[in-house]
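One structure below.
The values are calculated or read from the model by the stated rules, or taken from the named source; none is laboratory data. Here the structure is a predicted model, which is why all the values come from computation and not from measurement. We place every Cβ from the backbone using ideal geometry, glycine too, and count neighbours over all the protein chains shown.
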Amino acid sequence: RSLEHDLRGAVAGGQLFLLYQEKRNVESDRMAGVEALIRWQHPTLGLISPADFIPVAEESALIVDIGRWTLDEACRQLRAWADAGGMPLPVAVNLSPRQFLHGDIAGSVREALAAHRLPGHLLELELTESVAVHDVDRAISIMYQLKELGVTLSLDDFGTGFSSLSYLMRLPVDKLKIDRSFIGGLQDSARSRAIVKGVIDISRGLGIHVIAEGVETGAQASRLRELGCVEMQGYFFGRPVPPAQVEQYRAAGA
Ligand code: G
Ligand code: G
Ligand code: MN
Ligand code: NA
């Protein structure tokens, strides 16, 4: 039996679940939102990382079902948080390229929002520039359809692609996430610092929000703060956790 075969049963079998990792605004010292990260509890193999099963899902078109499940589950959780009172935090969902390009993604997002009676601004979608590699005009047109729903569009893993800047020039994104490979070098590498500073300055010039991902130490956080970055995500602020733990953090004043 293959992973692909097992994955087919995972959605219906309730084996998928979402963890949430906080995004921190270091200026207000508050949680700015969370990113939903999928996990698969396989009945015999145990916990499987999305790094291992998302590529399999992408090859087999299963990504469409999984993606729809993820969107719906994140929106369901968002609704539950909103109903529990307090300021609802935006939830970010990762869209893989095939999910983004397949069928009517804006329609699926609209349905998920409507099913859970949510305003679009509470949902953030994380895309990578690879959605635009084959047909940039088509990607832009889909992005505008999504923006009409009021959702926030983020460019994930920024800086790791082949032509990040040219895509940044054209894609209507609201936010970019500086890839963690640049953050790791902040302390020791003048080149990493220069690149991170450049990206922060460029986004500011473009009026695009910027967040640093993979922040693992206080020293990295301080350095980013000096460079003008106020939103951060990474193990230093919190690991991906189950929803109940997000509620505990918030109750504790985060
Ligand atoms: O959570 P973790 O670091 O293990 O994620 C590994 C990879 O899987 C990352 O590239 C992340 O973007 C991706 N990923 C996590 N959750 C989802 C999801 O719900 N959908 C898609 N398409 N990718 C996801
Ligand atoms: O591709 P994307 O940026 O969506 O991937 C998010 C992945 O990064 C998740 O699998 C998450 O578990 C992982 N992650 C989150 N914070 C950190 C961190 O501080 N360090 C490392 N190495 N990985 C992280
Ligand atoms: Mn992401
Ligand atoms: Na990323």
Sole exception among (1) out of contact with any strand residue (DSSP E or B) (no Cβ under 6 Å at 6 or more places or on another chain); (2) more than 18 Å from residue 125 (Cβ to Cβ); (3) assigned to a loop (DSSP other than H, G, I, E, B); (4) within 15 Å of ligand 3 (Cβ to nearest atom) for residue 185, by number: (4)
Here are some conditions: (1) among the aliphatic types (A, V, I, L, M); (2) away from ligand 1 (no atom under 16 Å from the Cβ); (3) surrounded by 15 or more Cβ atoms within 10 Å (Cβ to Cβ); (4) part of a helix (DSSP H, G or I). Residue 210 meets all but one. Which one does it not meet? (4)
I'd like the residue in the stretch 75-99 that is crowded, with 18+ Cβ neighbours inside 10 Å and assigned to a helix (DSSP H, G or I) and, out of all such residues, is nearest to ligand 4 (Cβ to nearest atom). 97
Under the condition of being of a type in the set (D, E, K, R) and in a loop (DSSP other than H, G, I, E, B), which residue from the stretch 146-182 is nearest to ligand 4 (Cβ to nearest atom)? 179
Criterion violated by residue 128 - all others in (1) under 28 Å from residue 248 (Cα atoms); (2) touching a strand residue (DSSP E or B) at 6+ places or on another chain (Cβ under 7 Å); (3) surrounded by 21 or more Cβ atoms within 10 Å (Cβ to Cβ) satisfied: (1)
Sole exception among (1) at pLDDT 95 or above; (2) farther than 21 Å from residue 233 by Cβ for residue 102, by number: (1)
Of the residues in the stretch 7-17, those that are farther than 12 Å from residue 60 by Cβ and not small (Gly, Ala, Ser) come to 11, 15, 16, 17
What is the number of the single condition among (1) modelled with pLDDT under 95; (2) in contact with a strand residue (DSSP E or B) (Cβ under 9 Å, 6 or more places away or on another chain) that residue 71 does not meet? (1)
